[in-house]
Amino acid sequence: MSSRTIAGAVIDVDAEGFMTQSTQWTPEIAIALSNELGIAPLTDAHWRVLTFARDDTAKHGQSPGPRRIVAGAGVTMKELYALFPKGPGKLVARLAGVPKPKSCL
Amino acid sequence: MTPDRKLAIICSKGSLDMAYPGLILANAARMAGVDAMLFFTFWGLDIVNKAKVERLHISPLGNPSMPIPAMIAGLPGMEAMATRMMVKEMDRLEIPHVAEMLDILDQAGAELYACQMAMDMFKLEKSDLVPQVKEVISAMDFIDKSEGAQVIFI
């Protein structure tokens, strides 16, 4: 685990870059990360997915995989992959400041 | 994350317990941003055969992981019972059925191919397969399409 500075804030991240302290997250961090990861600009649909991922993680103590996101965030699987083409399984969690999902689905 | 990485999975078996590993691995690859293609051949065609996709079975006979004596495992109804139990357990864990897995894979951008020679052997037409199968290809086509991929044979 290490820390880094992004969008004017210091955040704790694990070896793969996932934030380890969800409370350190701000929307500005998500925007900065979206630039780094080639996802920017973030649309309303992106934010809907990120908000769902954060709420769902807070409620269930586990970050959601794509299938759960599709069931709860009002996007289809195809749309989710269009929003995060380089892999929604990891990228949603990276941007939402939640752990890497343990779900295989 | 790793744009050049690619997984090619050969599915050669049509039992329920041999169908899931390939489907789950292909889906995991797409979740992680890795390209994935599946090649269904021999009994693996059952996984994408419209008439069989919802009727894949698990066999307790000759299955050392199922502690049922072979004489009993071979009795009529035992295979259906083992299958029912497994499907029930998967439903409890909210694991999608095979047909839904194929739809998820298609939406996730995985490419599904069926083997021409196996199709001929089983007298199947493209129209007998689920719509998610992109193309019926030869073994040599598979070799071309899987260039640079990590290959998994199931």
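The values are calculated or read from the model by the stated rules, or taken from the named source; none is laboratory data. Only a predicted model underlies this, so the values are computations on that prediction, with no experimental measurement involved. Positions of Cβ are backbone-derived with ideal geometry, glycine not excepted, and every protein chain shown enters the neighbour counts.
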Selection within the stretch A:46-69 - within 14 Å of another protein chain (Cβ to nearest Cβ) and free of Cβ contacts under 8 Å to residues at least 12 places away in the same chain = A:His60
remark   = Matching residues in the stretch B:1-12 (within 16 Å of B:Ile152 (Cβ to Cβ) and within 14 Å of another protein chain (Cβ to nearest Cβ)) number 3
query = Which of the residues that make up the stretch A:72-100 are crowded, with 20+ Cβ neighbours inside 10 Å, assigned to a loop (DSSP other than H, G, I, E, B) and more than 8 Å from chain B (Cβ to nearest Cβ)?
reply = A:Val75, A:Phe84, A:Gly97, A:Val98
message = Suppose we filter the stretch B:108-120 for residues that are within 12 Å of chain A (Cβ to nearest Cβ) and surrounded by fewer than 19 Cβ atoms within 10 Å (Cβ to Cβ); how many remain?
response = 1
task = Pull up the stretch B:71-107, narrow it to residues that are among the hydrophobic types (A, V, I, L, M, F, W, C) and within 14 Å of chain A (Cβ to nearest Cβ), then point me to the one that is farthest from B:Asp144 (Cα to Cα).
result = B:Leu93
ask   = Among the candidates A:Ala30, A:Ala9, A:Ala40, A:Ala15, which residue alone is away from every other protein chain (no Cβ under 11 Å), buried (at least 19 other Cβ atoms within 10 Å of the Cβ) and over 22 Å from B:Asn27 (Cα atoms)?
value = A:Ala30
key: Residue ranges of helices (runs of 4 or more DSSP H) in the stretch B:14-121 with at least 2 members more than 15 Å from the chain's Cα centre (by Cα) and at pLDDT below 95   = B:70-73, B:78-92
remark   = Taking the stretch B:13-35 and keeping only residues that are more than 14 Å from chain A (Cβ to nearest Cβ) and crowded, with 24+ Cβ neighbours inside 10 Å, one is left with B:Ala19
message = Scan the stretch B:36-46 and tell me whether some residue there is touching a residue at least 60 places away in the same chain (Cβ under 8 Å), within 14 Å of chain A (Cβ to nearest Cβ) and crowded, with 19+ Cβ neighbours inside 10 Å.
response = yes
